[in-house]
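Reading through the structure tokens given below for one structure.
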Amino acid sequence: MEMTVVIPTCNGADTIGRQLHALSQQESRRQWEILVVDNRSTDRTVEVVRGWAGRDSKIRLISAEREQNLAYARNLAVQHTSAPFVAFVDDDDLVAPGWVSAMMSSLDLEPMVGSRFEYRLLNPPELLAGRAHVQSEELLTICDTPVVTGGGLGIHSEVWTTVGGNDESWSFSGEDLEFSLRATELGIRPTMAEDAVYHIAFRRGGRSAFRQARRAARARVELAHRFGGGSRRGRWPTPPARTWWWIATRSLPAAAGYHRELWGRRVGDEVGHTEQTVRLKLGGGIGAVDRAG
């Protein structure tokens, strides 16, 4: 077995079948497998995965029952494979044809690679409004350092172990970027797997957009605090007036359903940035308290 493709999932019954279908259609002469890590699902996820496993012998299913934590699920997956390469995908995204072969070819040459993200296939235009197409042309830079996100990441198993895996105290967001920055400190710099196209699906609904943006903003502040490079804006506590004016003037249209996701992202970003900045000033970091965030 040369590569294990890991799918951590929690209540992914509605979307994981699409990802498993895309993976089952991949063509490669090399040996690889699909490892689904069920992290305390309460819907039909296990039933769906077992159905696919009955049709495709490459699919394995394990349970991550200790706690609901993406970092923990990824770490457990690496412990359950002896393959020299590991790649991670999310249960609601979609790998493009040729993705598996492209990832293995890239990992033959580099220890840590990120997929090329594509956004238009799985998202309507209104969800793309105001969003940067991260990792579509080049890797994202955080704290003045190129990083890769967890979805679409490929890595040598021994590198994962050397870096120490995902930090499980980052239970809400940013654990993948924190891992990338720690890897860089050890001299392991990620590169782009140019031909490994990975289709990203954004979450829908204003509430989901708010939660995701809030968590991501908190993670950015914490990463800047731990690794340097500065946060995305100047001194706290003065927020950018232009952003809050935008939020205030678009609150009624958002309530009526117009660009609700965009409004939720902007509010979540401001709340998360301010919230984590306050916590740091009071001496509190990410920690386990964020499990309920």
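The values are calculated or read from the model by the stated rules, or taken from the named source; none is laboratory data. Everything quoted here is computed from the prediction, not taken from an experiment. As a convention, Cβ positions derive from the backbone with ideal geometry for all residues, glycine included, and neighbour counts pool all protein chains shown. The protein model used for the area step is the full one, side chains on, heavy atoms only, and it has no ligands, DNA or RNA in it. Shrake-Rupley method; radii C 1.70, N 1.55, O 1.52, S 1.80 Å.
Across segment 73-79, rounded Karplus estimates of 3J(HN,Hα) from the backbone phi angles (6.51 cos²θ - 1.76 cosθ + 1.60, θ = phi - 60°) give 4, 5, 4, 5, 4, 5, 5 Hz, Gly and Pro being marked x.
Centre-to-centre, using Cα atoms only, segment 1-33 and segment 54-94 are separated by 9 Å.
Across segment 105-113, coupling constants 3J(HN,Hα) worked out from phi with the 6.51/-1.76/1.60 Karplus curve, θ = phi - 60°, read 5, 5, 6, 5, 10, 10, x, 8, 9 Hz, and Gly and Pro carry x.
As a length-normalised measure over Cα pairs under 8 Å and 6 or more apart, the relative contact order of the chain settles at 19 percent.
Taking amide H as placed 1.01 Å from N in the peptide plane, the amide H of residue 5 sits under 5 Å from that of 33, 34, 35, 87, each at least 5 places away or on another chain.
Shape analysis of segment 60-209 based on the Cα gyration tensor places the equivalent ellipsoid semi-axes at 23, 19, 16 Å, largest first. Solvent-accessible area of segment 1-40 (1.4 angstrom probe, protein heavy atoms only): carbon and sulfur portion equals 37 percent.
Our estimate of slack between residue 63 and residue 204, defined as 0.36 nm per intervening residue step minus the Cα-Cα distance, is 48.0 nm.
Across segment 77-154, Cα pairs under 8 Å and at least six residues apart give a relative contact order of 42 percent. If you restrict to DSSP beta bridges whose two residues both lie in the chain, what percentage is antiparallel, to the nearest 5? Roughly 35 percent of the DSSP beta bridges within the chain come out antiparallel.
For residue 139, the accessible surface of its heavy atoms amounts to roughly 30 Å² (probe 1.4 Å, protein chains only, rounded to the nearest 10). For segment 1-126, averaging the sequence separation of C-alpha pairs within contact (under 8 Å, six or more residues apart) and dividing by the residue count gives a relative contact order of 35 percent. Expressed as a fraction of 2.2 N^0.38 Å, the value expected for a compact globular protein of N residues, the C-alpha radius of gyration of the chain is 1.00. Ignoring everything except DSSP H segments at least 4 long, calculate the 222 nm mean residue ellipticity for the chain; use -39,500 (n - 2.57) per segment, divide by total residues, nearest 500. Mean residue ellipticity, 222 nm, calculated: -12000 deg cm²/dmol.
Basic side chains Lys and Arg get +1 at the Cβ, acidic Asp and Glu get -1 at the Cβ, and with that the dipole of the chain about its Cα centre reaches some 1200 debye. Solvent exposure of the chain amounts to 47 Å² per residue of accessible area, where only protein heavy atoms count and the probe is 1.4 Å. With the charge dipole of the chain set up from +1 on Lys and Arg Cβ and -1 on Asp and Glu Cβ about the Cα centre, the Cα lying farthest toward the positive end among the listed residues 223, 277, 117 is that of 277.
With a Förster radius of 35 Å applied to the beta-carbon distance between residue 281 and residue 126, the computed FRET efficiency rounds to 0.45.
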